[in-house]
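Following: one structure in structure tokens, then a few remarks.
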Amino acid sequence: DRQTLVAVLQFLRRSNLRESEEILRREARLHGDDLGGGGVAAVASSSPGVAAVSAVPPGKVCICQLFQSFLCALAYDNAFAVGGGIVVEDQPDVSAVLSAYNQQGDPTLYEEYYSGLKHFIECSLDCHRAELSQLFYPLFVHMYLELVYNQHESEAKSFFERFHGDQECYYQDDLRVLSSLTKKEHMKGNETMLDFRTSKFVLRISRDSYQLLKRHLQEKQNNQIWNIVQEHLYIDIFDGMPRSKQQIDAMVGSLAGEAKREANKAKVFFGLLKEPEFDVPLDDEDEEGENEEGKPKKKKPKKDSVGSKSKKQDPNAPPQNRIPLPELKDSDKLDKVMNMKEAARRVRLGPECLPSICFYTFLNAYQGLTAVDITDDSSMIVGGFADSTVRVWSVTPKKLRSVKTAADLSLIDKESDDVLERIMDEKTASELKILYGHSGPVYGTSFSPDRNYLLSCSEDGTVRLWSLQTFTCLVGYKGHNYPVWDTQFSPYGYYFVSGGHDRVARLWATDHYQPLRIFAGHLADVTCTRFHPNSNYIATGSADRTIRLWDVLNGNCVRIFTGHKGPIHSLAFSPNGRFLATGATDGRVLLWDIGHGLMVGELKGHTDTVYALRFSRDGEILASGSMDNTVRLWDAVKAFEDLETDDFTTATGHINLPENSQELLLGTYMTKSTPVVHLHFTRRNLLLAAGAYTSQ
């Protein structure tokens, strides 16, 4: 052992990898002068050297195992140093180490090993059985891949056929991909494969259950399984009672197991920013003419109440200047005042007072409706279509008009009071404007808060920014190389986020060609993106069945939420910023407490993908829209009251979800064979929904 160790250290020194050499020497407690000559031949081929270390009794921690994992880490470093991604083909050595599926056992015994462990787990006590059953799936996958990698194709086929039916139903899609990998060649360049080999599968197990498993594997001399557990799994051990089957089922199901508890420990400023205080001449605002009898005396107390509201600082809010936000323009202040006026007339929703729902049905949408958005003041609606067009409609009697040409603008008196009216060209007024520019289906659309701009993202890999003054494209942002599935403006404007097939989300600013931040970490497509109400965080949902929360300031991932059994397609933050609701292809809506990093609710009822989620303006009601052609309303106040988020729950992830979510369901509303693509609460809490009619 010592001789091999010295050889590896010399190899590292020759390769100029001083840092790695230091780490290994510290681990093995060797001094610098211990590096004699000789013994180099033993490791000249570097990666075959790894294959040579295998059959060591599990009781001994052998140095070889120590640098087997060490060489793997080294290979990662090399791989990423090459070009940012894992370059396998160009480096045979790295590929051999990276694979880590060197021959480590008799292929004919794999079925025996697995069924032995299965028998042991099924015969263990109930309290341990649920936790240890989590091992079945990752072990099954790694043992199968090991057989395929080492070209034992018939044994692999037999192993798959015998045990694939025992896996949980929510892994069916992954198993389908796995079943198509029957030869070593198939494994090269397969994304699912790379995910599985390069990210450790996370299992959360109590200390008692883990000790039981360890003792069993060591007694049985079952090195094969023990090696996989050590090499490919990350076991997050907690002290305390083992979790029940229901508690585990609620949290598992993602591509890489559960989130490590460490991943959800960072502090998150989930509070809202203080509203800026401003004085707006109320009379001018009256002239803006919403011809309602808004008497000045009625407005005075409202303005005071707003002033007093903004003076209280939320203790959980981020510092006001944590990230630079755009300054309010006069038009924004005017809009805020209009918003306050509307808010004063807002309907208080609750179980006894449900919102009216106005459904916008896109008829004869032969172009294929793929995205919808509605402006905050509910004056415009936009549709993204599969024929690569973006169509904007006015929902109010006010028609959409473009600004006049430069020649006409030069004739206008710039000092006149109604200059903003005069610059608009009446000849262009229409209810619908069609924007051409994308060269593929448009998958996401988003209006800016000030209603001057519109974002759209497409299969063509670009995000486009359109002017709603001229109805022309201003910028095409090129950063994604593959389809972009979603984009959204920050609630403060200026910043926006996009997510796509390249598995990353990007943060942009409207005046920069390049992204400001790249959020990398998901193992599959980023399917939906959402800004937190305070704009300091971004939530992303992915086809890897996880939701991540990213810090805009430094690009760090501060929360990972697992529990969905299918790709995520909708996200919604509660208006107070404390909670997040997520919907996926599994038809479930999950509720998360952002501060504690815990799942706090599960709403069951939909029978198909949940594509739209929206909280009412005061957060009393959560509306969900689905491919099952229904809109459902849930009691959000009841869902979030009496939450058990004590320190123990936070430390161990023992969540206790209410058995029956039906008592939270306030209403189900069927459409006429129209899947619900988008939901929006107006400023007065009328619910708007949208979708395209599909003929039976």
| request: Could you tell me whether residue 369 is at pLDDT 90 or above and either closer than 22 Å to residue 491 by Cβ or surrounded by 16 or more Cβ atoms within 10 Å (Cβ to Cβ) (or both)? | output: yes
| message | Condition first: modelled with pLDDT of 95 or more, small (Gly, Ala, Ser) and within 22 Å of residue 619 (Cα to Cα). Can you find one or more residues in segment 347-364 that meet it? | response | no
| Residue identified as in contact with a His (Cβ under 8 Å, 6 or more places away or on another chain) and either farther than 29 Å from residue 144 by Cα or of a type in the set (D, E, K, R) (or both) among 271, 240, 253 | 240
| task | Give the residues of segment 620-638 that are open to solvent by 20 Å² or more (accessible area, probe 1.4 Å) and part of a loop (DSSP other than H, G, I, E, B), sorted by residue number. | result | 627, 628, 629
| Evaluation of residue 182 against (1) part of a helix (DSSP H, G or I); (2) over 22 Å from residue 544 (Cβ atoms) (one fails), failing number | (1)
| said: For the structure I just gave you, tell me whether residue 160 is open to solvent by 20 Å² or more (accessible area, probe 1.4 Å), closer than 16 Å to residue 222 by Cβ, aromatic (Phe, Trp, Tyr) and part of a helix (DSSP H, G or I). | reply: no
| remark: The residue that is modelled with the lowest pLDDT, considering only those in segment 1-52 that are of a type in the set (Val, Ile, Thr) and open to solvent by 20 Å² or more (accessible area, probe 1.4 Å), is 40
| request: Go through segment 609-619 and count every residue that is in a strand (DSSP E or B), open to solvent by 10 Å² or more (accessible area, probe 1.4 Å) and more than 26 Å from residue 264 (Cβ to Cβ). | output: 1
| All but one of (1) at pLDDT 90 or above; (2) among the β-branched types (Val, Ile, Thr); (3) open to solvent by 20 Å² or more (accessible area, probe 1.4 Å); (4) touching a Pro at 6+ places or on another chain (Cβ under 8 Å) hold for residue 694; which doesn't? | (1)
| said: Against the condition within 23 Å of residue 559 (Cβ to Cβ), part of a helix (DSSP H, G or I), modelled with pLDDT under 95 and open to solvent by 20 Å² or more (accessible area, probe 1.4 Å), how does residue 645 come out, does it pass? | reply: no
| request: Looking for whichever is closer than 22 Å to residue 389 by Cβ and buried (at least 24 other Cβ atoms within 10 Å of the Cβ) here; the options are 465, 474, 455. Which one fits? | output: 455
| Among (1) crowded, with 17+ Cβ neighbours inside 10 Å; (2) hydroxyl-bearing (Ser, Thr, Tyr); (3) not in a loop (DSSP other than H, G, I, E, B) - the single one residue 378 does not satisfy | (3)
| field | Within segment 553-596, tally of residues that are open to solvent by 10 Å² or more (accessible area, probe 1.4 Å) and not in a strand (DSSP E or B) | value | 14
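Can you find even one residue in segment 614-637 that is more than 17 Å from residue 531 (Cα to Cα), free of Cβ contacts under 8 Å to residues at least 40 places away in the same chain and in contact with a His (Cβ under 9 Å, 6 or more places away or on another chain)?
yes
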| message | Show me the strands (runs of 3 or more DSSP E) found entirely inside segment 397-438 where at least 3 residues are aliphatic (A, V, I, L, M). | response | 432-435
| Got a sec? Which helices (runs of 4 or more DSSP H) wholly within segment 198-259 have at least 3 residues that are closer than 18 Å to residue 143 by Cα and open to solvent by less than 50 Å² (accessible area, probe 1.4 Å)? | 223-232
| remark: The number of residues in segment 597-608 that are buried (at least 21 other Cβ atoms within 10 Å of the Cβ) and part of a loop (DSSP other than H, G, I, E, B) is 2
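The values are calculated or read from the model by the stated rules, or taken from the named source; none is laboratory data. Nothing here was measured: the structure is a model prediction, and the numbers come from that model. A quick note on method: Cβ atoms are made from the backbone with ideal geometry, for glycine too, and the neighbour counts reach across all protein chains shown. Note: accessible area is taken over every heavy atom of the protein model, side chains too, but ligands, DNA and RNA are not part of it. Shrake-Rupley method; radii C 1.70, N 1.55, O 1.52, S 1.80 Å.
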